[in-house]
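Novice: Have a look at this one before I ask anything.
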Amino acid sequence: MIVLWIVLAVVVLAAVVVLLRRRSSRHRRVVVVPERAAMPDVLVTAVAPRPEIDDSPGLDRRLASSRSIFDRVRSITSVGALSSDQLDVVEEVLLRSDVGVTTTNALLEQLRASGAPDGVASAIRAALLGSLGADRSVRTHADEGRVPVWLFVGVNGVGKTTTIGKLAWSETQNGKSVVLAAGDTFRAAASDQLQLWADRSGADIVRAGEGADPGSVIHDALGRAQAKGADLVLADTAGRRANSTNLLDELAKIRRVADRAPGQVVETFMVLDATTGQNALSQAQEFLAAADVTGIVLTKLDGTARGGIVVAIERELGIPVKFVGVGERAKDLVVFEPVAFVDSLLSA
Ligand SMILES: Nc1nc2c(ncn2[C@@H]2O[C@H](COP(=O)(O)OP(=O)(O)OP(=O)(O)O)[C@@H](O)[C@H]2O)c(=O)[nH]1
Ligand SMILES: [Mg+2]
């Protein structure tokens, strides 16, 4: 029996020894490393920033309502001469999209005379782009020693404060130093609303209590901007007045203050709400003279099927649309680009 135990112990011992030797030999295995290539002097010249995750839907989706109006012309696939029924469809679609009577009539005349050799959608695309040829560059620089100011005007509720907030966000994202002037002193909530955008974007803000003189808020903001060497002042204004004071007189006064050294108004944006359609146009007429408007911001295009109003506004007012609002979030303000806009309405 004892002999059996001894034999068993020897066998187990031998097995353990063999196992241990195998393991240690695996650790000692020589790995042949290929000879290294010479290291380049500069490995990476510039590290590309990681793309921001943008979960916002594309322009097509945000302009879905306006786009759907054009479904009927997209479905006309024939080319060449158009029947009177097809011309009626084109007319109805263009008028419903609010591009205006002038643009609609001009296009119908052209379609009657020469048909649509490349299809109806393509003819409409060309006509709309032909109406959107204005210079829409945005001025960002003032004269030497002056601080550039963008002034925002428009009736209440159109989206002035939200637009300023979105621009504060995008300008600071681009590395600009921005000061917000809470020139809407009509109600305290207006400054609070702007304060939220200042906090969100990292922009500076100058504000005063309810009922304070808007001119002095803007004046203080200019002083602050000059002292800190800021790149841009975005000035909010009220869309209404508490008493009989004329809103347009008030705006003209604010503009004079904002344009006095050290400030210089380089853009006066009239903000219009696209969902009010043709009403936006009549509102706009009143502001033009008083505020010396240089550009239009058309908001809430995401909330209307009448996106063609962009074309009517430019044609009727002779003022370029420079930005469009397509939602309520910071990223929902885009530089207006006619080709992208028209394609999002008409592309297949
Ligand atoms: N869907 C959508 N809503 C918007 C857009 N722009 C602004 N709004 C909303 O419109 C409402 C009014 O916007 P405000 O920025 O307060 O308008 P305002 O012109 O400053 O108004 P007052 O200060 O009263 O003169 C808010 O609920 C905004 O979120 C846009 O492009 N799309
Ligand atoms: Mg406001």
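Since every read-out is calculated from the coordinates, none of them should be taken as a lab result. Small disclaimer: the values here were computed from a predicted structure and weren't measured. So basically every Cβ, Gly included, is an ideal-geometry build from the backbone, and we count neighbours across all protein chains shown.
Novice: Around residue 268, which amide H atoms from residues at least 5 apart in sequence, or from another chain, sit under 5 Å from its own amide H, with H modelled in the peptide plane?
Specialist: Correct list: 151, 294, 295.
Novice: Would you mind pulling out the separation of the Cα centroids of the range 115-155 and the range 286-348, in Å?
Specialist: Answer, in whole Å: 8.
Novice: What's the exposure ranking of 218, 76, 313, 2, going from fewest to most Cβ atoms within 10 Å? Mind showing how you got there, number by number?
Specialist: Details: 218 28, 76 18, 313 24, 2 6.
Ascending number of Cβ neighbours within 10 Å: 2, 76, 313, 218.
Novice: Right, another one. Which ordering of 79, 93 is given by a fewest-first count of other beta-carbon atoms within 10 Å?
Specialist: 79, 93
Novice: Among 113, 78, 59, which residue has its Cα furthest toward the positive end of the charge dipole of the range 59-131, with +1 on Lys/Arg Cβ and -1 on Asp/Glu Cβ?
Specialist: 59
Novice: Using the Karplus curve 6.51 cos²θ - 1.76 cosθ + 1.60 with θ = phi - 60°, work out ³J(HN,Hα) for each residue of the range 270-287 in order, rounded to whole Hz, and write x for Gly and Pro.
Specialist: 8, 8, 10, 9, 5, 6, 8, x, 5, 4, 4, 5, 5, 4, 4, 3, 5, 6
Novice: Once Lys and Arg get +1 and Asp and Glu get -1 on their Cβ, which of 87, 126, 69 lies farthest toward the positive end of the dipole of the range 48-188?
Specialist: 69
Novice: With the cut-off at 25 Å, tell me which of the pairs 176/253; 176/331; 253/331; 160/322 have Cα atoms farther apart than that. Walk me through the intermediate numbers first.
Specialist: Details: 176/253 28 Å; 176/331 16 Å; 253/331 32 Å; 160/322 14 Å.
Distance filter (> 25 Å) returns 176/253; 253/331.
Novice: Something else now. Estimate the FRET efficiency between residue 340 and residue 249 by the formula 1/(1 + (r/R0)^6), using the beta-carbon distance for r and 35 Å for R0, to the nearest 0.05. The partial results should precede the final answer.
Specialist: Numbers: r = 39 Å, r/R0 = 1.11.
Computed FRET efficiency for residue 340 and residue 249 comes out at 0.35.
Novice: Please list, in chain and number order, the residues 5+ apart from residue 147 or on another chain whose amide H is under 5 Å from its amide H, with Hs placed from the backbone.
Specialist: Here 263, 264 satisfy the definition.
Novice: Work out how much length residue 85 to residue 126 would gain on full extension: take 0.36 nm times their residue separation and subtract the Cα-Cα distance, in nm to one decimal. Provide the component values of the computation, followed by the final result.
Specialist: Values: separation 41, 0.36 × 41 = 14.76 nm, distance 2.13 nm.
Residue separation times 0.36 nm, minus the Cα-Cα distance, leaves 12.6 nm.
Novice: Pop out the ³J(HN,Hα) list for the range 171-176 in order, Karplus 6.51 cos²θ - 1.76 cosθ + 1.60 with θ = phi - 60°, rounded to Hz; leave Gly and Pro as x.
Specialist: With the stated coefficients, the range 171-176 comes to 5, 5, 4, 7, x, 7 Hz.
Novice: If you restrict to DSSP beta bridges whose two residues both lie in the range 204-347, what percentage is antiparallel, to the nearest 5? Before the final figure, lay out each step's value.
Specialist: Working: 3 of 11 bridges.
Expressed as a percentage, antiparallel bridges in the range 204-347 total about 25.
Novice: Need one word for the range 59-131: rounded, prolate or oblate. Basis is the Cα gyration tensor (sqrt eigenvalues a ≥ b ≥ c); a/c below 1.5 gives rounded, then a/b vs b/c decides.
Specialist: Prolate shape, in that a/c is at least 1.5 and a/b is the bigger ratio.
Novice: Let me ask something else. Residue by residue, what Karplus-based ³J(HN,Hα) values in Hz, rounded to whole numbers, does the range 199-216 have, using 6.51, -1.76 and 1.60 with θ = phi - 60° and x for Gly and Pro?
Specialist: After applying 6.51 cos²θ - 1.76 cosθ + 1.60, I find 4, 5, 9, x, 7, 7, 9, 10, 9, 9, x, 4, x, 5, 6, x, x, 6 Hz.
Novice: Only counting other Cβ atoms within 10 Å, I'd like 220, 60 sorted with the fewest neighbours first.
Specialist: Numbers: 220 16, 60 13.
The fewest-first ordering by Cβ neighbours comes to 60, 220.
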